[in-house]
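Following: one structure in structure tokens, then a few remarks.
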Amino acid sequence: MTKRNNNIKLLNHDFGCEPETVDKLYYLLVENKNTKEQYIDTRLVRHEDIISLLLYYYQYLSIEEVSKTLGRSSRSIQSRLQNTLDSLYIVCDEQFKQNYNSFLENAGILINPADQMNVAGITADSVAISCNSPQDYAAQNLMASKKHCGEKVMKCHIESDVETGRVGFVSACFGGSIRDKTIAETLYIQRDEHNQPILDSNNKIVFKHQDYPILGNKAYQGLPSFITPFKRSSSLTNQQLDHNAFINQNRIKIENFFCKLKRYKVLSTSYRGSLQNLDKIVVLLSFIVDLEIPHRYESDFQFNQEKLKEIKENRKVLLQKKVKKTTRLPIPTPTTTPITTPIPRTIPTPIPIPIPIPTPTTIPIPTPTTPIPTPISTATTTTIPTPVSTTTLISRPIPRKIPRPRPTPILTPTTTLTTLIPTPIPIPTPIPTPIPSMN
């Protein structure tokens, strides 16, 4: 717990934006009513969850390292981050859609000094985000970019104001193999209710910003919605050079915005998450960078200053409570004077415990008895006594325990063994034969 509370004090310097920006995001979550219609309860998202999400995207560590710094399990961190990202994406995307009309009005119209042409004060470009290679072969071909030497890339189209650098539009992500011109065609073609392109009187497709084109680079040449510079060559006239200088000077704002956006390592390094969340991450981080632009129009986001002060005070109180948990109490000083002379220790003498010694018991040896044999037909019986052990039981004293009396063994009666003695058979005596004489 001490690691988690100590690191919360350092979160204000590690998540890539000011604490006031986090307070504004939390304010938009609490005050927004449409998030509950999207089956997401924004009041479950706490102030610390927004900080932990920005910390994860700014440093882009592994989930295990983030769980160690915040003192939570990896499963709870993943569920919290996903819930916070879903709710913040709904709020930020809704704010971009609501403020797009005011974004066009405040952008105004510029006059190109080279040809006195009216141009919208908007510039657009696509930012490339490198990703890990997916397992699907079709997705690998879609994401492979020739410009980045076959690296797997996703692109996102963004519009910004020329004067203030404020962001007004953030598109969904496209594969890296798709050209920027093709992406702009799909986004800027005006369509009807049936999603069919609208045609003018000359049977040509009507594009957005066609009356006042926006500034773009050479990748958008040929689109009526863009004004692009000429290719570099030695045969360019002074008017064409002035035209290129006018476009390049005003396009610097969106390049600076990309630089601020790439401060978050989730977009500057290889993205290793799911592609479904990549659109939400780009919209969220673009909105956060847009909130920190100093020369932006505050009339678009009407924050109640009193509620913002309450949110700031609540954040400070929460941080103070967590710091109090980590602070250790000082060791109390003794009220009495300490004893200087040592106290002698008395060692108690051990008391001998009498151990009862049981007396040995002797077992009487019974005298064997020989039964009188009874003649059975011609067989006689003889008895053989069983041997009896003459050893006595030796008692073994158990320390600090009284031995239990053992039962005396019961001698079994003597067994008889009958043996059959056969009757003697008379052997006939041989009759000597007379020996004849030799006479």
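Observations, loosely collected:
- Restricted to segment 263-282, and to residues there that are open to solvent by 70 Å² or more (accessible area, probe 1.4 Å) and among the charged types (D, E, K, R), the residue that is nearest to the chain's Cα centre (by Cα) is 272.
- Given (1) at pLDDT below 85; (2) open to solvent by 30 Å² or more (accessible area, probe 1.4 Å), index of the condition residue 114 fails: (2)
- Contact map, segment 129-141: first residue free of Cβ contacts under 8 Å to residues at least 40 places away in the same chain and within 23 Å of residue 263 (Cα to Cα), second residue surrounded by 10 or more Cβ atoms within 10 Å (Cβ to Cβ) and charged (D, E, K, R), Cβ cut-off under 8 Å, separation 6 or more or different chains; pairs are 133/152.
- Test: residue 291 is hydrophobic (A, V, I, L, M, F, W, C) and at pLDDT 90 or above: no
- Qualifying residue in segment 198-208 (condition: open to solvent by less than 30 Å² (accessible area, probe 1.4 Å) and of a type outside the set (A, V, I, L, M, F, W, C)): no
- With respect to being more than 35 Å from the chain's Cα centre (by Cα), open to solvent by less than 50 Å² (accessible area, probe 1.4 Å) and at positive phi, residue 165 fits the description.
- Residue match in segment 11-22 (condition: modelled with pLDDT of 85 or more and open to solvent by less than 70 Å² (accessible area, probe 1.4 Å)): yes
- Which numbered condition residue 219 fails, given (1) part of a loop (DSSP other than H, G, I, E, B); (2) open to solvent by 30 Å² or more (accessible area, probe 1.4 Å); (3) touching a residue at least 24 places away in the same chain (Cβ under 8 Å): (1)
- Within segment 241-257, tally of residues that are in contact (Cβ under 8 Å) with a residue 40 or more places away in the chain, open to solvent by 20 Å² or more (accessible area, probe 1.4 Å) and either within 39 Å of the chain's Cα centre (by Cα) or at positive phi (or both): 3
For every residue, the table says whether it meets (1) more than 18 Å from residue 284 (Cα to Cα); (2) open to solvent by less than 20 Å² (accessible area, probe 1.4 Å).
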{"site": "45", "(1), (2)": "no, yes"}
{"site": "55", "(1), (2)": "no, yes"}
{"site": "62", "(1), (2)": "yes, no"}
{"site": "71", "(1), (2)": "yes, no"}
{"site": "84", "(1), (2)": "no, yes"}
{"site": "87", "(1), (2)": "no, yes"}
{"site": "97", "(1), (2)": "no, no"}
{"site": "106", "(1), (2)": "yes, no"}
{"site": "109", "(1), (2)": "yes, no"}
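- Pairing residues of segment 12-28 that are on the phi > 0 side of the Ramachandran plot with residues that are hydroxyl-bearing (Ser, Thr, Tyr) and modelled with pLDDT of 80 or more, at Cβ distances under 7 Å and at least 6 apart in sequence or on separate chains, gives 16/58; 16/264.
- Which listed residue, of 91, 119, is of a type in the set (Val, Ile, Thr), open to solvent by less than 30 Å² (accessible area, probe 1.4 Å) and more than 21 Å from residue 53 (Cα to Cα): 119
Here is a yes/no grid of residues against (1) surrounded by fewer than 17 Cβ atoms within 10 Å (Cβ to Cβ); (2) assigned to a loop (DSSP other than H, G, I, E, B); (3) over 35 Å from the mean Cα position of the chain (by Cα):
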{"position": "135", "(1), (2), (3)": "yes, yes, no"}
{"position": "138", "(1), (2), (3)": "yes, no, no"}
{"position": "148", "(1), (2), (3)": "yes, yes, no"}
{"position": "156", "(1), (2), (3)": "no, no, no"}
{"position": "187", "(1), (2), (3)": "no, no, yes"}
{"position": "235", "(1), (2), (3)": "yes, yes, yes"}
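The values are calculated or read from the model by the stated rules, or taken from the named source; none is laboratory data. Fair warning: this is a prediction, and the values are worked out from it, not measured in the lab. When we count neighbours, we look across all protein chains shown, and the Cβ atoms used for this are built from the backbone with ideal geometry, even at glycine. Side chains included, ligands, DNA and RNA excluded: accessible areas come from the protein's heavy atoms. Shrake-Rupley method; radii C 1.70, N 1.55, O 1.52, S 1.80 Å.
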